[in-house]
Amino acid sequence: MATTVTDLAGNSTIVTNVVKIDKSAPTLSITSPADNSTVTDPALIISGSVQDNTSGTGGSARITINGSTVTINPDNRFSHSITLAEGANMITIIATDAAGNSSTATLTITLLSQVNEAPVITSSANTTATIDQAYEYAVTATDVNTNDVLTYGLDRAPVGMTIDPNTGLIQWTPAISQRGSHTIIARAQDAGGFSEQSWDIIVVDGGLALDVTIGLEPPIANIGETVTITVAVENAAGAFTRSLTISSLTMNGADLALDASGQAQYTVTASGSYELIATVTCNHIARSSNAA
Ligand SMILES: [Ca+2]
Ligand SMILES: [Ca+2]
């Protein structure tokens, strides 16, 4: 900028004055904490650094955090402690230089509850189980007090069901006598309390329905002829037993011995019709089949 100065006598001189205009905002960086952090301690230290194009520590910048002025160290770093309220806290850090240029950083930091609150079960239970097959369900829970150690238990459970107190893993192999509905109540707890989850498990038979058929060879026989009777079993789960009775006008439910392959021989001694009843018992289902 050049200015001409003239006195009353008309003498003049030119005065030169150089004015630098600072248009650069300070560079503000936050080292800690990370934005959107969740913390458990209400005392929070905010640290970072500031650079400006003007000379000196931090250039000519000054820092405020939520309106409070913060000291800038000779290495351009700053560190400032604030006290958080429970829940979400908005923190505004502003660096402003002498020319009024500013940079702003904002942080949202969430302070967790300081009260020891009970854990909350968040998992969904498996609601079906099969006789003789392993049922598993891992109960999982969350706790607002992030460092709490949780333990798990069963407040109501069928015979044989267990839960790992440390992991929450429920294990059970339903017995045949446990077919049907069972109500389970699991809990997750710590020193702050507990929460429960209740659900029903339906225990069903596995696999396909048992199928029993009686075969006759020949299907029609003359007196004195021997008939081979075969009791065939399909879809039995595991071991099974089978038995056979024969009835006629003159005979009321005589046993016919079956061999290991389910066959019996019967020699016809009188004319008429015969009723054969095969009974099959297996681990899961007992059912009869008739053939005349
Ligand atoms: Ca500047
Ligand atoms: Ca807790």
**Prompt:** Quick one: how many residues across segment 240-260 are in contact with a strand residue (DSSP E or B) (Cβ under 7 Å, 6 or more places away or on another chain) and either on the phi < 0 side of the Ramachandran plot or surrounded by 16 or more Cβ atoms within 10 Å (Cβ to Cβ) (or both)?
**Reply:** 13
**Asked** Among the residues of segment 131-145, is there at least one that is away from ligand 2 (no atom under 16 Å from the Cβ), aliphatic (A, V, I, L, M) and over 30 Å from Gly192 (Cα atoms)?
**Response** yes
**Request:** Looking only at segment 194-201, decide whether some residue is in the same structural domain as Ala134 (by TED's automatic domain parsing), surrounded by 15 or more Cβ atoms within 10 Å (Cβ to Cβ) and either hydroxyl-bearing (Ser, Thr, Tyr) or within 16 Å of ligand 1 (Cβ to nearest atom) (or both).
**Result:** yes
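Check every one of the strands (runs of 3 or more DSSP E) wholly within segment 226-292 and list those with 1 or more residues that are at pLDDT below 90. Walk me through how you get there before you give the answer.
Values: elements: 226-234, 240-248, 251-256, 263-267, 275-282, 286-291.
Fully inside segment 226-292 and qualifying: 226-234, 240-248, 251-256, 275-282, 286-291.
Somewhere in segment 23-35, is a residue modelled with pLDDT of 85 or more, part of a strand (DSSP E or B) and in contact with a Lys or Arg (Cβ under 9 Å, 6 or more places away or on another chain)? Talk me through it step by step, then tell me what you get.
The initial filter retains those residues of segment 23-35 that are modelled with pLDDT of 85 or more, namely 23-35.
Going one step further and asking which of them are part of a strand (DSSP E or B), we end up with 27-32.
Narrowing further to those that are in contact with a Lys or Arg (Cβ under 9 Å, 6 or more places away or on another chain): 31.
Yes: segment 23-35 contains one or more residues that are modelled with pLDDT of 85 or more, part of a strand (DSSP E or B) and in contact with a Lys or Arg (Cβ under 9 Å, 6 or more places away or on another chain).
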**Asked** Of these, Val227, Val231, which one is surrounded by 15 or more Cβ atoms within 10 Å (Cβ to Cβ), more than 13 Å from Val280 (Cα to Cα) and of a type outside the set (S, T, N, Q)?
**Response** Val227
**Request:** Would you please name the residue that is modelled with the lowest pLDDT, looking only at residues in segment 202-224 that are surrounded by fewer than 16 Cβ atoms within 10 Å (Cβ to Cβ) and of a type in the set (Asp, Glu)?
**Result:** Asp211
**Request:** Scan (1) over 16 Å from the mean Cα position of the chain (by Cα); (2) within 16 Å of ligand 2 (Cβ to nearest atom); (3) touching a residue at least 40 places away in the same chain (Cβ under 8 Å) for the single condition Glu196 breaks and write down its number.
**Result:** (1)
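Taking into account only those residues within segment 208-221 that are without any contact (Cβ under 8 Å) to a residue 60 or more places away in the chain and assigned to a loop (DSSP other than H, G, I, E, B), which is nearest to the chain's Cα centre (by Cα)? Break it down into steps so the answer makes sense when it comes.
Of segment 208-221, the ones without any contact (Cβ under 8 Å) to a residue 60 or more places away in the chain are 208, 211, 215, 217-221.
Right, trim to assigned to a loop (DSSP other than H, G, I, E, B) and you get 208, 218-221.
Values: Leu208: 32, Pro218: 61, Pro219: 60, Ile220: 64, Ala221: 66 Å.
So the residue we want is Leu208.
Each row is one residue, and each column tells you yes or no for (1) closer than 30 Å to Ile121 by Cα; (2) out of contact with any Gly (no Cβ under 8 Å at 6 or more places or on another chain).
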residue	(1), (2)
Arg156	yes, yes
Pro165	yes, no
Pro174	yes, no
Ala191	yes, yes
Asp205	yes, yes
Val212	no, yes
Val233	no, no
Ser243	no, yes
**Request:** Answer yes or no: is there a residue in segment 87-100 that is touching a Pro at 6+ places or on another chain (Cβ under 9 Å), farther than 20 Å from Ala25 by Cβ and among the hydroxyl-bearing types (Ser, Thr, Tyr).
**Result:** no
**Message:** Which condition from (1) within 23 Å of Gln189 (Cα to Cα); (2) surrounded by 12 or more Cβ atoms within 10 Å (Cβ to Cβ); (3) away from ligand 2 (no atom under 16 Å from the Cβ) is the one that Pro119 breaks?
**Reply:** (3)
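Would you tally the residues in segment 83-124 being within 16 Å of ligand 1 (Cβ to nearest atom) and closer than 17 Å to Thr71 by Cα?
The total comes to 8.
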**strands (runs of 3 or more DSSP E) enclosed by segment 41-155 - at least 2 residues per element that are of a type in the set (Phe, Trp, Tyr) and either over 30 Å from Ile170 (Cα atoms) or touching a residue at least 24 places away in the same chain (Cβ under 8 Å) (or both)** = 135-138
**Request:** Tell me, please, whether a residue that is modelled with pLDDT under 95, under 30 Å from Thr146 (Cα atoms), assigned by TED's automatic domain parsing to the domain that holds Val144 and not in a strand (DSSP E or B) can be found in segment 161-184.
**Result:** no
**Condition met for Asn126 (among the polar types (S, T, N, Q) and within 16 Å of ligand 2 (Cβ to nearest atom))** = no
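The values are calculated or read from the model by the stated rules, or taken from the named source; none is laboratory data. These numbers were taken from a predicted model, which means no experiment stands behind them. Quick reminder, even Gly has a Cβ in these numbers, built from the backbone with ideal geometry, and neighbours come from all protein chains shown.
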